[in-house]
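Engineer: Okay, handing you the structure first.
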Amino acid sequence: MNSLSDANTRFAYDLFQEFRKSEKENIFFSPLSITSALAMTYLGSQNHTASEIQKVLHFNEVTGSTQGGATKAHVEEPGSIHQQFQKLLTELNKPTDAYKLSLANRLYGEKKIQFLQEYLDNVKEFYLASVESADFVNAAEESRKMINSWVERQTNEKIKNLFPEGSLDHTTVLVLVNAIYFKGQWNKRFDPEVTEPGKFWLNKDTSKSVQMMQQSHKFNFTSLEDVQASILEIPYKGEELSMLVLLPNEIDGLQQLEATLTAEHLVAWTRSRNASLRDVRLQLPRFAVEESYGLKATMAALGMVDAFDPKRADFSGMTRSGGLVLSKVVHKSFVEVTEEGTEAAAATGAGAVTTSLPVYTTFRCDHPFLFLIRHNKTSSILFFGRVSCP
């Protein structure tokens with residue numbers, strides 16, 4: 001593996017497996033948003049703290065390095081993780097008329113902490129981001145409102161109250177904030193006139209009424225016989241971004257699909273090399289999902305422990321004063337899928353075979369499915385979700 005998108009896909013898989021452990025029916029998050037924000041902490045970490053972050057984010061598999069810490073030589077080395085992020089974020093933030101996509105990161109540090117100029121310069125250069133001062137000691141509540149206000153502006157007011165009241169206090173030292181916003185129109189819109197009430201089966205015995213959108217068109221389709229599912233690619237206007245829907249063959253097949261899902265599967269599927277263009281009769285429910293995640297326990301479960309431990313955290317690449325520890329990592333996300341397209345926001349390949357198909361294949365999303373939104377040029381997963389109850 002030598003690409004940042006592969007590392008991001010593997011991290012997306014790890015996060016999804018952790019989020020599956022919760023009781024939530026629906027899941028929605030932006031792995032790229034979380035990765036890019038955590039990469040900013042990796043930039044300022046050293047020694048064992050850096051090694052842990054590097055391993056959890058799969059950066060060591062990209063560079064082949066196990067070196068802890070971002071030395072100047074390592075950061076500026078051509079092809080380094082930070083150089084790759086600079087290239088990717090620049091690509092994603094390019095202005096376009098086809099869709100709206102903005103990804104923004106910020107670190108808020110207690111104002112008594114003196115950050116190294118080199119770190120501030122690198123964060124700006126590689127992550128198009130900034131480090132802002134906040135007075136957590138004397139004005140935690142005002143700082144919380146300031147941060148929430150910034151996130152609202154970055155996500156077109158879709159993500160509100162990222163940090164709930166009381167979540168930041170005088171002990172807070174460093175807060176990492178990431179926001180991503182996407183609004184895109186389908187390359188071929190669904191006709192609202194043919195949207196009609198339909199059943200969505202939560203399981204074999206229970207259904208709920210949904211507004212089922214439908215259209216017949218040519219789509220990239222892949223049959224995944226080894227996991228008893230299929231994938232449909234629904235492109236957005238301009239075809240730079242696509243939604244991939246992973247639909248189990250059986251109504252109650254999602255649990256088995258998730259159990260057999262591997263990171264290697266996900267990497268292979270997001271590359272779509274085995275997809276073929278087919279005439280498909282697509283039925284997709286309108287849906288909206290909003291989710292919040294506190295990532296501290298999740299990241300610790302994946303192996304990123306030292307960053308949150310006051311006695312072990314080593315962020316000496318950020319400051320010489322010591323005592324810097326990551327206090328909070330939160331992620332809040334929103335997606336809405338309609339006839340026109342998708343509005344999404346977030347703040348913080350084995351066995352694929354194509355089978356011969358009839359003239360029109362029906363792809364009816366009337367039972368739980370997985371989906372992801374991909375930046376096609378870089379094969380980067382911007383958003384990943386599960387719809388169990390639209």
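The values are calculated or read from the model by the stated rules, or taken from the named source; none is laboratory data. Source: prediction; values computed, not measured. A quick note on method: Cβ atoms are made from the backbone with ideal geometry, for glycine too, and the neighbour counts reach across all protein chains shown.
Engineer: Could you list all residues from the stretch 103-128 that are crowded, with 23+ Cβ neighbours inside 10 Å, under 19 Å from the mean Cα position of the chain (by Cα) and not in a helix (DSSP H, G or I)?
Structural biologist: Matches in the stretch 103-128: LEU103, ALA104, ASN105, LEU107.
Engineer: For the subset of the stretch 129-139 comprising residues that are crowded, with 18+ Cβ neighbours inside 10 Å and either more than 23 Å from the chain's Cα centre (by Cα) or of a type in the set (Val, Ile, Thr) (or both), which member is modelled with the lowest pLDDT?
Structural biologist: Kept after step one, since they are crowded, with 18+ Cβ neighbours inside 10 Å, are these residues of the stretch 129-139: 129, 131, 134, 136.
After this cut, where a residue has to be either more than 23 Å from the chain's Cα centre (by Cα) or of a type in the set (Val, Ile, Thr) (or both) as well, the list is 131, 134, 136.
Values: VAL131: 84, ALA134: 90, PHE136: 89.
Among residues in the stretch 129-139 that are crowded, with 18+ Cβ neighbours inside 10 Å and either more than 23 Å from the chain's Cα centre (by Cα) or of a type in the set (Val, Ile, Thr) (or both), the one modelled with the lowest pLDDT is VAL131.
Engineer: Report the residue count in the stretch 23-46 for those that are among the polar types (S, T, N, Q) and closer than 23 Å to HIS265 by Cα. Steps first, please.
Structural biologist: Within the stretch 23-46, the subset among the polar types (S, T, N, Q) is 26, 30, 33, 35-36, 41, 45-46.
With the extra rule that they be closer than 23 Å to HIS265 by Cα, the set shrinks to 26, 30, 33, 35-36.
The number of residues fulfilling the criteria is 5.
Engineer: Which numbered condition in (1) in contact with a helix residue (DSSP H, G or I) (Cβ under 9 Å, 6 or more places away or on another chain); (2) among the charged types (D, E, K, R); (3) within 30 Å of MET146 (Cα to Cα) is the only one that GLU264 fails?
Structural biologist: In the conditions (1) in contact with a helix residue (DSSP H, G or I) (Cβ under 9 Å, 6 or more places away or on another chain); (2) among the charged types (D, E, K, R); (3) within 30 Å of MET146 (Cα to Cα), GLU264 misses (3) alone.
Engineer: Whether any residue in the stretch 352-366 is at pLDDT 90 or above, not assigned by TED's automatic domain parsing to the domain that holds LYS112 and not in a strand (DSSP E or B) is what I want to check.
Structural biologist: Scanning the stretch 352-366, I find at least one residue that is at pLDDT 90 or above, not assigned by TED's automatic domain parsing to the domain that holds LYS112 and not in a strand (DSSP E or B), so the answer is yes.
Engineer: If the requirement is being assigned to a helix (DSSP H, G or I), surrounded by fewer than 19 Cβ atoms within 10 Å (Cβ to Cβ) and at pLDDT 90 or above, which of these qualifies: HIS82, HIS48, HIS74? Don't jump to the end; show me each part of the working.
Structural biologist: Working: HIS82 fails: surrounded by fewer than 19 Cβ atoms within 10 Å (Cβ to Cβ); HIS74 fails: at pLDDT 90 or above.
The unique qualifying residue is HIS48.
Engineer: For the stretch 163-195, name all the residues that are more than 28 Å from ALA98 (Cα to Cα) and not β-branched (Val, Ile, Thr). Steps first, answer last, please.
Structural biologist: Filtering the stretch 163-195 for residues more than 28 Å from ALA98 (Cα to Cα) gives 163-176.
Within the stretch 163-195, PHE163, PRO164, GLU165, GLY166, SER167, LEU168, ASP169, HIS170, LEU174, LEU176 meet the criteria.
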